[in-house]
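Below is one structure, written out as structure tokens; the observations come after it.
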Amino acid sequence: MSDITRDVMKVKIENLFLYYEGVMALKNINMKIPNKSVTALIGPSGCGKSSLLRCLNRMNDFVPNAKVEGRIYLDDTDIYSPGMDLIELRKKVGMVFQRPNPFPMSIYDNVAFGPRLHGVTDRSRLDEIVENSLKASALWDEVKDILTRSALSLSGGQQQRLCVARAIAVNPEVLLMDEPTSALDPMATARIEQLIRNLKNHFTIVIVTHNMQQAARISDVTAFLLMGELVEMGPTEKIFTSPEDQRTADYITGRFG
Amino acid sequence: MMDINIREHIDLELKNLEEKLLKLGKLAIDAVSQSVLALKEQDVDKAKAVIEGDKNLDDMAEDIDMSCLKFMARFQPLGQDLRTVSAIMHMAVDLERIGDYGASIAKRAIKLSDRPHIKPLLDIPRIESDIRKMVFLALDALMEKDTKKAEDVCRMDDEVDDLERQIFRELLLIMIERPQVIEQATELLLVARTLERAGDHATNLAERVIYIVTGKKISASQIRRPREENS
């Protein structure tokens with residue numbers, strides 16, 4: 001069982017507000033994300049959970065007229081401080097998206113893309129990174145003989161595991177996952193869930209999911225958001241059996257959302 | 001087009017489970033009441049009917065268990081839905097056990113039917129009546145999600161314990177005075193103890209209701225009067 005008060009905190013969010021075109025999307029979020037564990041963000045569509053996830057590696061910087069207030073600390077570094085190197089930030093905070101989005105290049109080059117970007121040129125070093133990343137994402141055995149084949153020839157589930165391999169190839173500290181199994185069938189979903197459980201030994205994982213059973217299966221801590229506010233955050237088993245807030249209770253029993 | 005609301009569907013399924021449990025509860029407590037009546041009136045036929053009815057109770061409890069499993073498989077409940085279905089599974093076991101106690105008292109009633117009573121039976125029917133109230137109140141509490149009623153059930157168990165202790169002292173005196181009735185007195189003692197146990201299961205029912213409603217696991221001892229030392 002996870003004791004969130006005792007665990008080491010990897011990410012600290014303080015008084016975070018997010019506005020799109022002047023409209024408040026996140027309202028005064030305060031949250032601590034424990035290190036080397038899986039934190040699930042749940043809530044109805046439009047509650048701000050993906051927006052919150054995207055704040056964690058400054059993906060919202062790409063959105064015109066998006067404004068962020070407040071502080072997000074990765075360890076002790078304020079990631080919104082003016083001197084922050086975004087390339088360096090996104091190396092530390094990787095992301096996997098809802099739909100698998102491999103680059104139109106070979107399996108090998110997909111995984112080697114990040115390390116090359118960060119200056120790794122030595123072939124044997126790259127080989128090693130590619131192999132380790134594909135092993136960690138439980139894809140190696142299926143692709144080790146076809147590394148030069150196009151990534152687009154893989155199945156959806158394989159593509160998503162490739163995206164995980166690509167994300168972890170640069171050895172991030174935090175892995176953000178935005179509904180990573182919503183486009184996958186149950187078998188492929190099970191493999192990704194298995195993968196997430198294994199990866200948490202090495203990374204801090206934050207996952208947005210619409211599937212509450214999935215959050216219950218794989219996360220240690222669950223945060224429930226509603227209309228841009230953090231309603232409740234706590235150990236997953238507590239949130240799904242006896243939440244404190246009536247709005248959480250209503251949501252997990254399907255009374256709204 | 002029919003509008004199927006999954007939330008209403010879940011509520012309906014849970015209501016069905018609760019109603020099945022209610023039916024089991026009525027049968028279980030009737031088994032206890034009838035067995036005590038058979039004991040009091042030395043009615044062997046009545047006692048036999050209770051023993052025969054026990055199979056039916058077991059089947060009903062099994063049916064509730066299966067229905068709960070199916071519900072979980074289909075709806076993967078969370079929150080209060082999850083607490084409710086888990087509590088119902090436990091409550092079915094408690095009720096089935098109460099029914100077993102009825103059958104066990106009925107067997108003693110048959111044993112004791114061929115000899116006159118060693119004393120007028122007053123306190124044993126009184127315990128039975130208390131337990132009957134407790135079970136019904138606990139089931140009411142479940143249907144109405146009423147923690148107040150559930151807490152009352154826990155408090156009522158104090159009286160059951162008092163009565164059982166009183167019966168024990170009384171039968172002890174009888175045994176000292178008339179050793180020839182020790183066998184009968186022992187049977188009655190065991191009946192009283194069985195009823196006291198049934199009271200504990202009724203208290204379990206109440207604790208489960210409190211868990212369903214509040215999400216907090218409480219023990220009846222937190223509600224009942226403090227236990228006296230050496231009691």
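The values are calculated or read from the model by the stated rules, or taken from the named source; none is laboratory data. The shown structure was predicted, so the numbers you read here are calculated from the model rather than taken from an experiment. In this analysis, Cβ positions are derived from the backbone assuming ideal geometry, glycine residues included, and neighbour counts consider all displayed protein chains. Protein only, heavy atoms only, side chains kept; ligands, DNA and RNA dropped before computing areas. Shrake-Rupley method; radii C 1.70, N 1.55, O 1.52, S 1.80 Å.
Annotations for the structure displayed:
- Residues in segment B:48-97 that are more than 14 Å from chain A (Cβ to nearest Cβ) and of a type in the set (Lys, Arg): B:LYS48, B:LYS55, B:LYS70, B:ARG97.
- Residue in segment B:51-67 that is of a type outside the set (Gly, Ala, Ser) and more than 23 Å from the chain's Cα centre (by Cα) present: no
- So B:VAL36, is it within 18 Å of B:ASP157 (Cβ to Cβ), in contact with a Pro (Cβ under 9 Å, 6 or more places away or on another chain) and modelled with pLDDT of 95 or more: yes
- Breaking point among (1) part of a helix (DSSP H, G or I); (2) touching a residue at least 12 places away in the same chain (Cβ under 8 Å), for B:PRO77: (1)
- Subset of segment A:22-36 that is assigned to a strand (DSSP E or B) and polar (S, T, N, Q) - its residue that is farthest from A:TYR73 (Cα to Cα): A:ASN28
- Selection within segment B:174-207 - open to solvent by 60 Å² or more (accessible area, probe 1.4 Å) and in a helix (DSSP H, G or I): B:ILE176, B:GLU177, B:PRO179, B:GLN180, B:ILE182, B:GLU183, B:LEU190, B:ARG193, B:ARG197
- Residue count for segment A:86-107 under the criterion of being polar (S, T, N, Q) and open to solvent by 30 Å² or more (accessible area, probe 1.4 Å): the result is 2.
- Test: A:GLU14 is acidic (Asp, Glu), on the phi < 0 side of the Ramachandran plot and surrounded by fewer than 19 Cβ atoms within 10 Å (Cβ to Cβ): yes
- Within segment A:54-85, if we keep just the residues that are of a type in the set (A, V, I, L, M, F, W, C) and more than 16 Å from the chain's Cα centre (by Cα), the residue that is surrounded by the most Cβ atoms within 10 Å (Cβ to Cβ) turns out to be A:ILE79.
- Per-region count, segment B:1-47, residues within 14 Å of another protein chain (Cβ to nearest Cβ) and basic (Lys, Arg): 1
- Among the conditions (1) under 18 Å from the mean Cα position of the chain (by Cα); (2) surrounded by fewer than 16 Cβ atoms within 10 Å (Cβ to Cβ); (3) more than 21 Å from A:VAL231 (Cα to Cα), A:GLY46 misses just one, which is (3).
- Subset of segment A:87-145 (residues that are part of a helix (DSSP H, G or I) and under 21 Å from A:ALA183 (Cβ atoms)): A:ILE107, A:ASN110, A:VAL111, A:LEU134, A:GLU142, A:VAL143
- Within segment A:221-257, considering residues that are among the basic types (Lys, Arg) and within 11 Å of another protein chain (Cβ to nearest Cβ), the one least open to solvent (accessible area, probe 1.4 Å): A:LYS238
- Residues that are among the basic types (Lys, Arg) and farther than 26 Å from A:ILE87 by Cα were ranked within segment A:132-190; the one that is most open to solvent (accessible area, probe 1.4 Å) is A:ARG149.
- In segment B:209-231, the residues that are within 14 Å of chain A (Cβ to nearest Cβ) and either open to solvent by 30 Å² or more (accessible area, probe 1.4 Å) or free of Cβ contacts under 8 Å to residues at least 24 places away in the same chain (or both): B:TYR211, B:VAL213, B:THR214, B:LYS216, B:LYS217, B:ILE218
- The residues of segment A:206-217 that are open to solvent by 10 Å² or more (accessible area, probe 1.4 Å) and of a type outside the set (Lys, Arg), listed by number, are A:HIS210, A:ASN211, A:MET212, A:GLN213, A:ALA216.
- Meets criteria (out of contact with any helix residue (DSSP H, G or I) (no Cβ under 9 Å at 6 or more places or on another chain), assigned to a helix (DSSP H, G or I), acidic (Asp, Glu) and open to solvent by 60 Å² or more (accessible area, probe 1.4 Å)) for B:GLU8: yes
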